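Working notes, beginning with the structure itself.
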Amino acid sequence: MKNQKIYLAVIIMLSFTLFSFQCTRQAIAEGDEDGPIITVVSPSENSQFYITGGEQPDRILISATVTDDSGINMGTITIFNSEGDEAVEPYSVYATNFNSYQVNHIQTGFSTLIPDDYRIEIEFSDDIGNSSIVIRHVECLDSELDESNN
């Protein structure tokens, strides 16, 4: 009798857990064939910053928000130098099924010791595979290094 109550409690708990996972994911919109709509908060096109340890600002903030008819499951920021090589490891944010988390914002920063023109690609993908990319170009300028930081 005691074992039956334990089994019943476990079954009820598992059923509730499975049901809550089912309800927390945003439904996929029927007929959604468009990529997510990305709004870049910063940087603006052709922003300038300086090498690390030089004049200010020596770091650029990269921030964007996104909306879509379906849930957004991934956001990635990739930074390329003027040669087309990745300047740093891409930064990604992923949605999870376990905590009903949906990606709706991505933010990171970038600094460098190498003056150059950089291309920032901000990409988001929705639950059914549609994706959009927005590109910003920024310039890192050379400046005198602050000797107090060395």
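The values are calculated or read from the model by the stated rules, or taken from the named source; none is laboratory data. Bear in mind that the values here come from a model prediction, so they are computed numbers and not experimental data. Don't worry about glycine lacking a Cβ; one is built from the backbone with ideal geometry, like all the others, and counts go over all protein chains shown. Keep in mind that these areas ignore ligands, DNA and RNA; they rest on the heavy atoms of the full protein, side chains included. Shrake-Rupley method; radii C 1.70, N 1.55, O 1.52, S 1.80 Å.
Within the group 104, 150, 81, 46, which residue is at pLDDT below 90 and either among the charged types (D, E, K, R) or more than 17 Å from residue 35 (Cβ to Cβ) (or both)?
150
Being out of contact with any Ser or Thr (no Cβ under 9 Å at 6 or more places or on another chain) and surrounded by fewer than 18 Cβ atoms within 10 Å (Cβ to Cβ): is that true of residue 104 here? No; evaluated as a whole, the condition is false for this residue.
Only one of the numbered conditions (1) at pLDDT 95 or above; (2) under 16 Å from residue 79 (Cβ atoms) is not met by residue 41, and that is (2). Scanning region 48-83 for residues that are within 30 Å of residue 143 (Cα to Cα), open to solvent by 40 Å² or more (accessible area, probe 1.4 Å) and part of a strand (DSSP E or B) yields 48, 50, 61.
With respect to the conditions (1) outside any loop (DSSP other than H, G, I, E, B); (2) within 30 Å of residue 95 (Cβ to Cβ); (3) at pLDDT 60 or above, residue 5 lacks only one, and its number is (2).
Criterion first (open to solvent by 40 Å² or more (accessible area, probe 1.4 Å) and aliphatic (A, V, I, L, M)) does residue 134 satisfy it?
Details: open to solvent by 40 Å² or more (accessible area, probe 1.4 Å): no; aliphatic (A, V, I, L, M): yes.
Judged against the criteria, residue 134 is not a match.
Restricting attention to region 33-47, the residues being open to solvent by 50 Å² or more (accessible area, probe 1.4 Å) and small (Gly, Ala, Ser) number 1. Which count do you get for residues in region 112-147 that are at pLDDT below 90 and assigned to a strand (DSSP E or B)? Residues in region 112-147 being at pLDDT below 90 and assigned to a strand (DSSP E or B): 1 in total.
Residues that are within 17 Å of residue 43 (Cβ to Cβ), in a strand (DSSP E or B) and either touching a residue at least 12 places away in the same chain (Cβ under 8 Å) or within 15 Å of the chain's Cα centre (by Cα) (or both) occur in region 88-95; there is at least one.
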